[in-house]
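**Q** There's a structure below that I have some questions on.
The values are calculated or read from the model by the stated rules, or taken from the named source; none is laboratory data. Quick caveat: nothing in here was measured; it's all calculated off a predicted structure. Counting neighbours? That spans all protein chains shown, and the Cβs are built from the backbone with ideal geometry, glycine included. Side chains included, ligands, DNA and RNA excluded: accessible areas come from the protein's heavy atoms. Shrake-Rupley method; radii C 1.70, N 1.55, O 1.52, S 1.80 Å.
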Amino acid sequence: MAVLIGANTRTYKFALGTALLDAAAEDRSEILLRDLAVPYAMELVRHLGQAPQASEKEKRGEADFLSVAEREAAESLRLGSPTEELLAAAIHSMPRMVMRKFHNLRGEGAEVPHRFYEVTGRSHEQVVRLSTELRDIAQSEQAATLRGELSARWNIVELSFAVGIGQSLIHEGVVVDMATLQITDRQRRRSVAGVTDAVIGFQRGLCLICADPITLGIDSIAVDHVFPLSFRRLLPSGGKGTTPDLDAVWNLAPTHAECNGQKSNRLPTEQEMFRLAERNEAIMQSPRPLRKTLALTLERSGYKNPRPGAWLTFIRQVAAHF
């Protein structure tokens, strides 16, 4: 929830999430802030070489942590560790900014219902105490899935900050390259993230068909057309853009490969339609551009300013054509 539904004006939350998972995976109950700042800063400078980590229209001062990271990125990458200036900036900024906001969700006052850490002490002696919940997550079979979700969300958000690509993602949403099962921006068709990594968190890591957990790296995974493509010819062809696109994100869901093979070419059950609607409603609570992609699907089908519950209505309407 913190990663997928949290508001994002910069990508600091993703760098912190990565550093926290790494520390908790070692079953550490606490870590010096200085030590946590090392992977945090390095994750950020690695991504700086791929895409902007905040809006390129944003004005920043020289002392801003992101400004320091940009100046120190090349030398830090050469050294394989943050420069003293970058490390000092990270230690100074982390407890004052990203660590205060990590648990925040979209919406005024909204937060995840628990804490993954607490910061104690002062100045360079500050200690980050890692909760039992965080350590359990980081050492569970679902850790690989969470890391995949985090990486996918980071890629999506950073590309939304880029001039040109960002405006396309924000206003036009994304499309799916069915040959590679990669989500891409509409204009440049640049790969953003895999479908599974981008959406599996919104269905709580569960197979849409059997509702059991999917474990990345262990389970064989397939991306299911919930409404099979073979039924597309039965949809009304009305005016331009009114036929739901069955190759779009709203109709694609990660499943166990075995479940997908058994489902074959049948229509979804009532339970599967409910799970798909619930998943799509969750995506609608996330920041752009996935939210925009699904909103456009509803808008093109006549849903203006869709309210909660619109997805189940829409999905049942699609099913009624078959």
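**Q** With labels modelled as points extended 7 Å from the Cα through the Cβ direction, what inter-label distance (nm, one decimal) is found for K59 paired with Q271?
**A** According to this spin-label approximation, the distance is 5.7 nm.
**Q** Label points 7 Å out from Cα along the Cβ direction at N305 and L32: separation in nm?
**A** It works out to 5.6 nm between the two label points.
**Q** For A110, list long-range residues whose amide hydrogen, built 1.01 Å from N in the peptide plane, is under 5 Å from its own amide hydrogen.
**A** Result for A110 returns L105.
**Q** If each residue of separation counts as 0.36 nm, what is the full-extension length gain between R115 and A25 once their alpha-carbon separation is subtracted? Spell out each step's value before the answer.
**A** Details: separation 90, 0.36 × 90 = 32.40 nm, distance 1.69 nm.
Going from the current span to full extension adds 30.7 nm.
**Q** Between the helical axis of 12-25 and the dominant principal axis of the chain, each derived from Cα atoms, what acute angle in degrees is found, rounded to the nearest 10?
**A** Roughly 80 degrees between the two axes.
**Q** So which of K263/K304; K13/K292; K13/K263 end up more than 28 Å apart, counting from Cα to Cα?
**A** K263/K304; K13/K263
**Q** Name the residue from A41, I137, H321 whose Cα lies farthest towards the positive end of the charge dipole of the chain, charges +1 on Cβ of Lys and Arg and -1 on Cβ of Asp and Glu.
**A** The residue sitting farthest along the positive end of the dipole is H321.
**Q** Using 7 Å Cα-to-Cβ label points, what is the L312/A88 separation (nm, one decimal)?
**A** For the pair L312/A88, the computed spacing is 5.7 nm.
**Q** Mind running the shape call on region 220-322? Use the C-alpha gyration tensor, a ≥ b ≥ c as the square roots of the eigenvalues: rounded below 1.5 for a/c, prolate if a/b tops b/c, oblate otherwise.
**A** oblate
**Q** Another question, if that's okay. In debye, nearest 20, what is the charge dipole magnitude of region 265-316 about its Cα centre with +1 on Lys and Arg Cβ and -1 on Asp and Glu Cβ, if you could check? Walk me through the numbers before you get to the answer.
**A** Working: 10 positive and 5 negative charges, 44 e Å.
Charge dipole, region 265-316, about its Cα centre: 220 debye, nearest 20.
**Q** Helix 310-320 versus the longest principal axis of the chain: what angle, 0 to 90°, nearest 10, using Cα atoms?
**A** In the chain, helix 310-320 runs at an angle near 30 degrees to the longest axis.
**Q** A further question follows. Say the dipole of region 1-116 comes from +1 at the beta carbon of Lys and Arg and -1 at that of Asp and Glu; which of I5, L66, P95 then lies farthest toward its positive end?
**A** Among I5, L66, P95, the one farthest towards the positive end of the dipole of region 1-116 is I5.
**Q** Same structure again: So how much slack lies between L181 and A257, counting 0.36 nm per residue of separation and subtracting their Cα-Cα distance, in nm?
**A** That pair, L181 and A257, stretches by 25.9 nm at full extension.
**Q** Same structure, new question: Given the peptides 66-79, 259-272, arrange them by the average over their residues of other C-beta atoms within 10 Å, most packed first.
**A** Ranked from most to least packed, the peptides come out as 66-79, 259-272.
**Q** Between 0 and 90 degrees, rounded to the nearest ten: what's the tilt of helix 290-300 against the longest Cα principal axis of the chain?
**A** 30
**Q** Whenever you get a sec, compute what percent of the accessible area on the chain sits on carbon and sulfur atoms (1.4 Å probe).
**A** On the way: 7410 of 15210 Å².
C and S atoms contribute 49 percent here.
**Q** Still on this structure, I have one more. Rounding to the nearest 20 debye, state how big the charge dipole of the chain is about its Cα centre with +1 on each Lys and Arg Cβ and -1 on each Asp and Glu Cβ.
**A** 1240
**Q** With charges only on Cβ, +1 for K and R and -1 for D and E, what is the dipole size of region 220-293 about its Cα centre, in debye, rounded to 20?
**A** 300
**Q** Excluding ligands, DNA and RNA, what is the solvent-accessible area per residue of the chain at a probe of 1.4 Å, expressed in Å²? It would help to have the intermediate numbers written out before the result.
**A** Numbers: 15210 Å² over 322 residues.
Spelled out: the 1.4 Å probe surface of the chain, per residue, equals 47 Å².
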